[in-house]
Amino acid sequence: MSRFIELFRVSPFEPLREHMAKVMECVDHVQPMFEAVRDGDHDRLESLTKEVFKTEHQADLIKDEIRQTIPKTFFLPVYRGDMLGYLKLQDDMADSVEDVAFLLTIKKLTLPLAIQDDAFVYVAKVLDVCRKAYAVSEYLKTVVESGFAAREVSQACDMVAAVEKGEWKADREQYKLAQALFALDDELKATDILLWFKTFGEMGTLANAAEKTADRIRRMLTSH
């Protein structure tokens, strides 16, 4: 019997928590990758990106096994389709981290001093969204153990609202950073501007995926 079937017997969300933990291992590599670019440490960047690709693949394997074994024959407290949708959104987070790693290593990029502070503020905002989404996913265990009590569901919804606010703040930082980046069009190569713009955009996609993950949790809980 699949170990995930056994996890489902413990809690319908336990396998999803395991997947989310692996996704967050990917996310935890984001800031070190940006630091490696800032420091010109291309060997470290290469090592970090290899770890991202490896961890994202591990997340994919967990996702695929959950999809194959998600139970159809015993009661689930939420709609099965919502759980699968939630799993896909979590996986989108790992995919975005992989895309960031890919973009940072297409060529040897330099992070311009003029935008370094703004860039790291933006990275921090995006990672805050991801960590808040992770906190919501962890809180699901409490919600389930409470029998979906109104108080715990309400607390989870408040946590989701905090994710949404964090994503809004990240969007504002992204816009500010894009303006600062394009103000350097006389100093940077067009290819570098394009790569940084796409990289910052993919970070925005990561924040969006985290926000959507949290929103799907709320949908599952409020439709329960």
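Coordinate-derived values only; no laboratory data. Fair warning: this is a prediction, and the values are worked out from it, not measured in the lab. Cβ coordinates were reconstructed from backbone atoms using ideal geometry, including for glycine residues, and neighbour counts include every protein chain displayed.
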Only Cα pairs within less than 10 Å get springs; with that Gaussian network setup on the chain, which residue of 101, 162, 149 has the largest fluctuation? 149
How high is the relative contact order of the chain, given as a whole-number percent (alpha carbon pairs under 8 Å, six or more residues apart)? 29
A correct fewest-to-most ranking of 102, 34 by other Cβ atoms within 10 Å would be 102, 34
Treating the beta-carbon of each Lys and Arg as +1 and of each Asp and Glu as -1, no other charges, what is the dipole magnitude of the range 3-222 about its Cα centre, to the nearest 20 debye? 820
GNM result for the chain, Cα springs below 10 Å: residue of 91, 192, 117 fluctuating most strongly: 117
Where only C-alpha atoms are counted, convex hull volume of the range 3-222 per residue in Å³: 104
Fewest-first ordering of 139, 134, 122 by Cβ atoms within 10 Å yields 139, 134, 122
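Mind listing which GluC sites (Glu not before Pro) in the range 106-189 are in a DSSP loop and have 15 or fewer other Cβ atoms within 10 Å?
On the way: sites: 138, 145, 152, 164, 167, 173, 187; in loops: 187.
For GluC sites (Glu not before Pro) across the range 106-189 that sit outside H, G, I, E and B with at most 15 neighbouring Cβ atoms in 10 Å, the list reads 187.
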Of 58, 90, 68, which is the most mobile in a GNM of the chain whose springs link Cα atoms less than 10 angstrom apart? 68
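What helices in the chain pass both tests, a Cα length along the helix axis of 24 Å or more and a mean Kyte hydropathy of -1.0 or higher, using whole DSSP H runs?
Numbers: long enough: 42-69 (40 Å, -1.15); 80-104 (37 Å, 0.07); 113-145 (50 Å, 0.52); 150-182 (48 Å, -0.47); 190-222 (47 Å, -0.04).
Going by DSSP H runs, the hits are 80-104, 113-145, 150-182, 190-222.
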Number of Lys-Lys pairs in the range 12-170 under 12 Å by Cα, sequence gap 8 or more or different chains? 6
If eta is 1.567 mPa s and T is 4 °C, what Stokes-Einstein diffusion coefficient results for the range 59-188, Kirkwood Rh from Cα pairs, in µm²/s? 73
For every helix of n ≥ 4 consecutive DSSP H residues, a contribution of -39,500 (n - 2.57) applies; sum these over the chain, divide by its total residues, and give [θ] at 222 nm rounded to the nearest 500 deg cm²/dmol. -29000 deg cm²/dmol
Need the C-alpha centroid separation for the range 135-191 versus the range 15-74, integer Å. 18
